[in-house]
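Colleague: The structure's right below; bear with me while I get my questions together.
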Amino acid sequence: MNNEVLSADHGGPLRIVVPGYLGARWVKWVDNIHITTEESANFYQQRDYKLLPPHVETPEAAESLWTKYPSLTKLPLNSVIASIVPTSDTSILLKGYATPGPSGNVAAVEVTTDEGNTWNLATITYQHGKWSWTLWEAEIYGISKSGTAYSRAVDAIGQYQPRHATWNFRGIAYNPWGVRKWGKW
């Protein structure tokens, strides 16, 4: 990993990496491999990383539903604003990342400081391969000393990251617009 021997913290000495599947499915500390036609009965495969419907609000309500929903293999399209730095009294530099969803890689990231009335195209600064995370940045001009910035990713087929996520009691696959406030410098 990063041109170093894979550490035990990251699953070393051997970890299965499956491009196109979310990292929770990348098995760590491999000691044997079984090829089967059925999904594993392992607790984490059967009771973790499953997106249950919004009406489920307790573990008790989820109990009868675990077997009725498939395990997540892909995460939804998402973007995050990681930092905001002032570049002048009236401009800021936003930096962040976006992750691809099931419909293909991130094609663009847009940012706004006016609740989505005006979107500005961010510059993609890193993207490597079909399933890569995407690093981006954007400078916004004509802003006040404080406010809120938002980001949204667009995928390869033109689908936009939603403004609001669908609620689920475990909080997984959370993907509303990225949001970050900035204040008086």
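Bear in mind these aren't lab numbers, they're just calculated from the coordinates by the rules spelled out. In this text the structure is predicted, and so the values were computed from the model without any measurement. Glycine gets a Cβ as well: all are built from the backbone with ideal geometry, and neighbour counts include every protein chain shown.
Colleague: How charged is the neighbourhood of LEU6? Take every other residue with its Cβ under 15 Å from the Cβ of LEU6, and add Lys/Arg as +1 and Asp/Glu as -1.
Modeller: -1
Colleague: Here's a follow-up. Let me spell out the model: positive unit charges on the Cβ of Lys and Arg, negative unit charges on the Cβ of Asp and Glu, origin at the Cα centre of segment 1-117. What dipole size does that give, in debye rounded to 20?
Modeller: 380 debye
Colleague: OK, next. Dipole of segment 38-83, Cα-centred, from +1 at each Lys and Arg C-beta and -1 at each Asp and Glu C-beta, to the nearest 20 debye?
Modeller: The dipole of segment 38-83 has a size of about 200 debye.
Colleague: Taking 8 Å as the Cα distance limit and 6 or more residues as the minimum spacing, I'd like the relative contact order of the chain as a percentage.
Modeller: 20 percent
Colleague: Still on this structure: Which listed residue (SER91, ALA107, PRO70) has the Cα farthest towards the positive end of the charge dipole for segment 40-185, taking +1 on Lys and Arg C-beta and -1 on Asp and Glu C-beta about the Cα centre?
Modeller: After comparing all options, I get PRO70.
Colleague: Please compute the net charge surrounding PRO19, taking Lys and Arg as +1 and Asp and Glu as -1 over other residues with Cβ under 14 Å from its Cβ. Each step should come with its number before you reach the end.
Modeller: Values: positive: ARG15, ARG25, LYS74, LYS130; negative: none.
Net charge around PRO19: +4.
Colleague: Between ASP48 and HIS128, what FRET efficiency follows from the Cβ-Cβ distance if R0 is 41 Å, with the result rounded to 0.05? Write down the numbers at each step before the final one.
Modeller: Numbers: r = 29 Å, r/R0 = 0.70.
Computed FRET efficiency for ASP48 and HIS128 comes out at 0.90.
Colleague: What number, rounded to the nearest 500 deg cm²/dmol, is the helix-based mean residue ellipticity at 222 nm of the chain, given -39500 (n - 2.57) per DSSP H run of at least four residues and division by all its residues?
Modeller: -1000 deg cm²/dmol
Colleague: Is the shape of segment 1-112 best called rounded, prolate or oblate, per the rule: a/c under 1.5 gives rounded, else a/b larger than b/c gives prolate, else oblate, with a ≥ b ≥ c the square roots of the Cα gyration tensor eigenvalues?
Modeller: oblate
Colleague: Springs between alpha-carbon atoms under 10 Å, Gaussian network over the chain: tell me which of LEU22, LEU52, LEU14 tops the mean-square fluctuations.
Modeller: LEU14
Colleague: Tell me the GluC sites (Glu not before Pro) within segment 28-129 that lie in a loop according to DSSP and have at most 14 other beta-carbon atoms within 10 Å.
Modeller: When the GluC sites (Glu not before Pro) of segment 28-129 are filtered for loop state and at most 14 Cβ neighbours within 10 Å, GLU38, GLU39, GLU57, GLU63, GLU115 remain.
Colleague: Report the net charge of residues surrounding ALA149, where surrounding means a beta-carbon distance below 13 angstrom and charges are Lys +1, Arg +1, Asp -1, Glu -1.
Modeller: -1
Colleague: Name the residues whose placed amide hydrogens come within less than 5 Å of the amide hydrogen of TRP119, ignoring near sequence neighbours (fewer than 5 apart) on the same chain.
Modeller: For TRP119, no residues qualify.
Colleague: Classify segment 117-185: rounded, prolate or oblate, from the alpha-carbon gyration tensor (a ≥ b ≥ c, eigenvalue square roots; a/c under 1.5 rounded; otherwise prolate if a/b is larger than b/c)?
Modeller: Oblate, because a/c is 1.5 or more while a/b does not exceed b/c.
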